[in-house]
Amino acid sequence: MTRLPKSLVHVVGPFALATLFACGGSSNTQAQSPSSTTTVEVSANGASVRTLQVAPDSLRVDKLGGRDAYLYPDGLLDLSFVTDVTGPLTALFLMSTDERGEPDNHFRMNTMVGIEEAPQQFGGTLELGRMSSGVGVMEAGKWINKPDGSVDIPAGPHRLTLYTSNMGGLQSGRHLRLFGVLSDKSVVKGPILTIP
């Protein structure tokens, strides 16, 4: 587990803010991402979304369909992303944002299902799991979604690959952010990715 220098971690209420620097010259060969500097939230229990990158197989694989728990090919090529998170997390929201990282509702996918309510900042009772397409989540090449499509990411660091249907809403230059949801419906924000 990587420890951040104390000079990069700031405690703000129940969250710590960590300034991370991701460089395009990373030794990570599984993912590609433009260089960026951003602030990432870390919850009091250590949960965070540390990275988000377009995966090399994005729009080259067909892993899932557009509905919750549809974790098998549907004949259409899918978007894929690689992320490093620290659990515990009970849901993930993959959303397009403005340049400041605030959701703009143009692209919105998550691992919530059925009548599960979104965190208040994403609509609360007005946004149920069944209202958006699902996200398939793999760790070490295996699906970690439950049979209904939801996830329960345990404590500790995890390298995940996210797959979602290509609804045509993500073009080059658009911003994307992964949000992690905790059991109390509080949210940790990951870095902002600009689609290459």
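Counting only Cα atoms, I'd like the Rg/Rh figure for the stretch 72-155, Kirkwood definition for Rh.
Values: Rg = 13.3 Å, Rh = 13.9 Å.
With Rg and the Kirkwood Rh in hand, the quotient comes to 0.95.
In which sequence would VAL113, VAL137, VAL61 go, from the one with the fewest C-beta neighbours within 10 Å to the one with the most?
VAL61, VAL113, VAL137
For a quick check: sort HIS175, HIS106 by the number of other beta carbons within 10 angstrom, fewest at the front.
Values: HIS175 21, HIS106 16.
In order of increasing Cβ crowding within 10 Å: HIS106, HIS175.
Note down the nm distance, to one decimal, between modelled labels 7 Å out along Cα→Cβ at GLU117 and at ASP74.
According to this spin-label approximation, the distance is 2.8 nm.
Every read-out reported here was derived from the displayed coordinates using simple, explicitly stated rules and does not represent laboratory data. Predicted model, so just to flag it, every value in this text is computed and none were measured. Using ideal geometry, Cβ is built from the backbone for each residue, glycine included, and neighbour counts are taken over all protein chains shown.
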